[in-house]
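**Student:** This structure is in structure tokens; I'll ask about it shortly.
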Amino acid sequence: MVDAKGRNMKCLTFLLMLPESVKSKSSKGSKKGSPSSSSKLPPVCYEIITLKSKKKKKMAAEIFPMKKPVSSATTVEQYQQQNLNNNNTIQCCNWQGLYSTIRERNAVMFNNELMADVHFVVGQSGGTERLPGHKQWEALFSMLCSMESWQRITKRSGSLMYIYCDEIDLSADTVLATLYAAKKYIVPHLARACVNFLETSLSAKNACILLSQSCLFEEPDLTQRCWEVIDAQAELALKSDGFCDIDTQTLESILRRETLNAKEIIVFEAALSWAEAECHRREMNTSIDNKRKVLGQSIYLIRIPTMGLDDFANGAAQSGVLTLNETNDIFLWYTAAKKPELQFASEPRKGLTPQKCHRFQSCAYRSNQWRYRGRCDSIQFAVDKRVFIAGFGLYGSSCGSAEYTAKIELKRQGLVLGTNLSKYFSDGSSNTFPVWFEYPVQIEPDTFYTASVVLDGSELSYFGQEGMTEVQCGKVTFQFQCSSDSTNGTGVQGGQIPELIFYA
């Protein structure tokens, strides 16, 4: 509530801002004191707008002309940069006239004392800061201030920038905090932008922790994307630092996953790494007993009986996590005709079924082709949705059985994403023979990648012909174009690398 004194002060301030002609006119009217004469005069606010004159009425814009407008993008960007350091001051009392849109005026108010009607004291004792804000955003502002320091909010958090400036500025460090704020305070457009950012930045390194967060934020589309990455690049995901940061429920969902594309010994080792990290979180000693304790019943989700005997004998059996009875029963399960009952799941995981994109309609061989002398066969390709390239299918000898050494490589804009050196044996047929990368390589849509191979073998091989520039494989469309890296004749129409082996 505003008391009488406050109203008087507002009226006095308003009167002092009036033009002299209006003041004199108003004072003359008040001296007459006659109700009839005073009623003939228009209200003061009306005179401010129209300012009657003998010649013609003038609009307020003619009396107080605006300054030459400045570029909106430039001014908003300039004020945002100044406001990040909270050093912006508006000298002009008619500052709103400089900005034509509400968005631009809000941007000026971002982290600014201008019209601030609420302040927050944030930071640790001895290093606090007093921050300007506005009650219309008080709830969101208060929440953000409780989460992190002002410097981090203004420079990295996207929530305040979006609220004030209608701009979304996200980074890997702040996107989850921003998504939390957008969900809590029902800002759906900002939440959608956060999810899109996470989907495009998704990789094996962060897929497990994002899986946990996507379930927390109830984002099923992001959850599905996370599972796609974890399934296809399971071994990389399980070895990542982010896997050790997940909660128990997410751990169990991963260990239970039927389509996990990983060796079971890798799953076992990842579970032990998580258990060690969980002991630290609970401030427990990282002893074998404590690791088993924090794993609880989830250890039985690891399909230990499906490991190779060598992996079990040299790894799980000697880890100390299993009891003597469990170790003995699993050894009997491997070797005895009458297998004991086990608490561990004993059926192998199904994993993922690899798909093949075949880009030639036929193949052939000639007496002087296809020859290999350390030269590179290469082709460029792009897809319309995310896939994971697991390897290439290559042609073999056209002169009977033969062995080849193949160095395969996958690049994007000159950056090597995956490479492997291996051997394969061909039987003299026109079939293709798979050569695999160590780990599947994630391929993003609408970007060209370069697939290359350098073969070493004494025998001539088959080669593809009648190549296609576009191939539909299930729900994925592949496009092909020639590569400048190819020095052995391979191109769109013919040559080597007839198949791309992938997961989708």
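Values in this text are rule-based calculations from the coordinates and carry no lab data. On a predicted model such as this, the values are computed, not experimentally measured, just so you know. Every residue, glycine among them, receives a Cβ derived from its backbone with ideal geometry; neighbour counts consider all protein chains shown.
**Student:** What are the residues whose amide H is under 5 Å from the amide H of VAL441, where those residues sit 5 or more places off or on another chain and H is modelled from the backbone?
**Tutor:** ILE389, ALA390
**Student:** Where does the charge balance sit around ARG386 when Lys and Arg score +1, Asp and Glu -1, over other residues with C-beta under 10 Å from its C-beta?
**Tutor:** Net local charge, ARG386 excluded: -2.
**Student:** Pulled fully out, how much extra length does the chain show between ILE186 and ASP117, if you take 0.36 nm times their separation in residues and subtract their Cα-Cα distance?
**Tutor:** 22.5 nm
**Student:** Express in nm, to one decimal, how much length is gained between ASP456 and THR487 on full extension, taking 0.36 nm for each residue of separation and deducting their alpha carbon distance.
**Tutor:** Length gained, ASP456 through THR487: 9.7 nm.
**Student:** Relative contact order for the range 384-434 using alpha-carbon pairs under 8 Å, separation at least 6, rounded to a whole percent?
**Tutor:** RCO, the range 384-434: 45 percent.
**Student:** Here's another thing I want to ask about it. Any chance you could run the full-extension gain for LEU324 through LYS423? It's 0.36 nm times the residue separation minus the Cα-Cα distance, nm to one decimal.
**Tutor:** In short, 31.5 nm is gained.
**Student:** Can you give the net charge of the other residues whose Cβ lies under 10 Å from the Cβ of LYS205, counting K and R as +1 and D and E as -1?
**Tutor:** 0
**Student:** What does a probe at ARG256 reach in the range 271-300, counting residues whose amide N is under 13 Å from the point 7 Å along Cα→Cβ?
**Tutor:** In the range 271-300, the label zone of ARG256 (backbone N under 13 Å from the point 7 Å along Cα→Cβ) covers 297-300.
**Student:** Quickly work out the CYS473-to-TRP436 label distance, labels modelled 7 Å from Cα along the C-beta direction, and quote it in nm with one decimal.
**Tutor:** Label-label distance for TRP436 and CYS473, simple model: 1.6 nm.
**Student:** Follow-up question, since we're still on this one. Quick one: net charge around GLY495, please, counting Lys, Arg +1 and Asp, Glu -1 for every other residue with C-beta under 14 Å from its C-beta.
**Tutor:** Residues close to GLY495 contribute a combined charge of 0.
**Student:** On to the next question. Filter the GluC sites (Glu not before Pro) in the range 195-254 down to the DSSP loop ones having no more than 15 other Cβ atoms within 10 Å, then list what survives.
**Tutor:** GLU218
**Student:** So, one more: Sort the following peptides by mean Cβ neighbour count (other Cβ atoms within 10 Å, averaged over residues), highest first: 384-391, 206-213.
**Tutor:** 206-213, 384-391
**Student:** Next question, about the same structure. Once label points are set 7 Å from the Cα along Cα→Cβ at both GLN361 and LYS293, what is their separation, rounded to one decimal in nm?
**Tutor:** Here the modelled spin labels are 6.9 nm apart.
**Student:** Mind scanning LYS205/LYS293; LYS239/LYS338; LYS263/LYS423 and naming the pairs with a C-alpha gap bigger than 24 Å?
**Tutor:** Flagged as over cut-off: LYS205/LYS293; LYS239/LYS338.
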